[in-house]
Amino acid sequence: MSHIFERTQINGMVLANRLVRSATWEGMCAEDGRPTERLVACYRALARGGVGLIVTGYAFVRRDGRQLPGTLGIHTDAFADVMPQLTEAVHAEGGAIAMQLVHTGGKADTADLGHPPLAPSAIDSVQFPVQPVAMTQDDIDAIVAAFAQAAQRAKTYGFDAVQLHGAHGYLIHQFLSPQTNQRTDGYGGSAEKRRRFLLEVYAAVRQAVGADYPVLIKLNGDDFMADGLPWEEALAAAQSLDAAGMDAIEVSGGTSASGERTPVRGRAKSPAEEGYHRDLARRIKANVRCPVMVVGGFRSREMVEETLATGVADYVSMARPFIREPDLAARWQRGEEVRSECRSCNGCFRPGLKEGGIYCVKKGQPD
């Protein structure tokens, strides 16, 4: 039986407990992607608050893969002077930190780009702000290389792991989904071919960082869309990654076009509404050897403990509760049975657009 507060390892990365701060856009970087002191303070507070593993907000591996303002950039060597401050702050508090790597593909900020974004196929989609340009083989090769270069930078800067963003409608997921991938070449037309881009990215990243460095992925277990990625294909992708040597899979679900079943849902007011991706995680964990994490509406220690004790997953990830209460993990470890005060209103993201950083608007801006 797994316990929340036991020490574990993922490919040599030592974690103080089984709680993960799931990747969350913070909006705390400069226009070019350079991290600020506010972001350093954010990660320091999370580590001090007892989170076992912090996953950064999605960091773009190329400038044409950025979606939101204030997003972290890992596309250049120009931030080598400040990036280690993020890892040093976390390590000083006894925590661990992974950098999440992303290219947002057809979801990229077109106003910033000044031209249509790249995507697997040039199609109109409810997920894309404008019709994108279909990627050529040269585009694919260049972005695969960009993921590898970004991973190498993260390792050099002291990050304990990297996580590929393969969920929520971003580029890797766009290749996986039959809704956004309508290619007829070697990257589309069948589930196996739609997995090719993901596996090429993973292989390039693994070669860049080596066998003894943790590589994780956030993966949709289901898109909850009639023409999206079904759970059977998601399971096959997870099995392919596991066979290739992936160190851990974080299971999520949905996209911005999934109706009420988007990745960021506006409820979880009771334990019965928590953990809405647990069934997906259970299916994947039963069919892979690597550790499985699950995210989605967790708010209570009770539900986290049940998820671990019943073998649904090896780790439980949360995002919004740690925005409101960065010390929640430490309070649980002290024996407090409190349920997170987060009410899933999603108001925390508005200040990221207008005030240079997310915070719980119900609680007030932190010092």
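Would you confirm, using the coordinates I've provided, whether Ala330 is modelled with pLDDT of 95 or more, over 28 Å from Leu241 (Cβ atoms) and in a helix (DSSP H, G or I)? Walk me through how you get there before you give the answer.
Numbers: modelled with pLDDT of 95 or more: yes; over 28 Å from Leu241 (Cβ atoms): yes; in a helix (DSSP H, G or I): yes.
Here the answer is yes, as Ala330 does meet what is asked.
Hey, among Asp124, Asp81, Asp77, which residue is acidic (Asp, Glu) and within 24 Å of Phe175 (Cα to Cα)?
Values: Asp81 fails: within 24 Å of Phe175 (Cα to Cα); Asp77 fails: within 24 Å of Phe175 (Cα to Cα).
One residue alone meets the criteria, Asp124.
Hey, can you tell me all the residues within region 62-114 that are closer than 17 Å to Arg38 by Cβ and of a type in the set (Ser, Thr, Tyr)?
Within region 62-114, Thr71, Thr87 qualify.
When the residues of region 62-110 are filtered to those that are free of Cβ contacts under 8 Å to residues at least 60 places away in the same chain, among the hydrophobic types (A, V, I, L, M, F, W, C) and not in a loop (DSSP other than H, G, I, E, B), which remaining residue is nearest to Asp247 (Cα to Cα)?
Val90
Per-residue answers, yes or no, for (1) of a type outside the set (A, V, I, L, M); (2) within 22 Å of Arg320 (Cα to Cα); (3) over 19 Å from the mean Cα position of the chain (by Cα):
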residue: Glu93; (1), (2), (3): yes, yes, yes
residue: Val102; (1), (2), (3): no, yes, no
residue: Gly105; (1), (2), (3): yes, no, no
residue: Leu113; (1), (2), (3): no, no, yes
residue: Ala134; (1), (2), (3): no, no, yes
residue: Ala142; (1), (2), (3): no, no, yes
residue: Phe147; (1), (2), (3): yes, no, no
residue: Ala151; (1), (2), (3): no, no, no
residue: Lys155; (1), (2), (3): yes, no, no
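Restricting the search to region 331-344, which residues are at negative phi, surrounded by fewer than 15 Cβ atoms within 10 Å (Cβ to Cβ) and not β-branched (Val, Ile, Thr)? Lay out the reasoning, then the answer.
Pass one, region 331-344, residues at negative phi: 331-334, 336-343.
Going one step further and asking which of them are surrounded by fewer than 15 Cβ atoms within 10 Å (Cβ to Cβ), we end up with 334, 336-338, 341.
Arg334, Glu336, Glu337, Glu341 - these are the residues of region 331-344 that are at negative phi, surrounded by fewer than 15 Cβ atoms within 10 Å (Cβ to Cβ) and not β-branched (Val, Ile, Thr).
If Gly189 satisfies all but one of (1) assigned to a strand (DSSP E or B); (2) at positive phi, what's the number of the condition it fails?
(1)
Restricting to region 112-155, what's the tally of residues that are touching a residue at least 60 places away in the same chain (Cβ under 8 Å), within 26 Å of Ser22 (Cα to Cα) and not in a strand (DSSP E or B)?
Matching residues across region 112-155 total 12.
What is the number of the single condition among (1) of a type outside the set (Val, Ile, Thr); (2) closer than 27 Å to Gly275 by Cα; (3) touching a Leu at 6+ places or on another chain (Cβ under 9 Å); (4) part of a helix (DSSP H, G or I) that Gly57 does not meet?
(4)
The values are calculated or read from the model by the stated rules, or taken from the named source; none is laboratory data. Every value quoted in this text rests on a predicted model; they were computed, and no experiment measured them. Don't worry about glycine lacking a Cβ; one is built from the backbone with ideal geometry, like all the others, and counts go over all protein chains shown.
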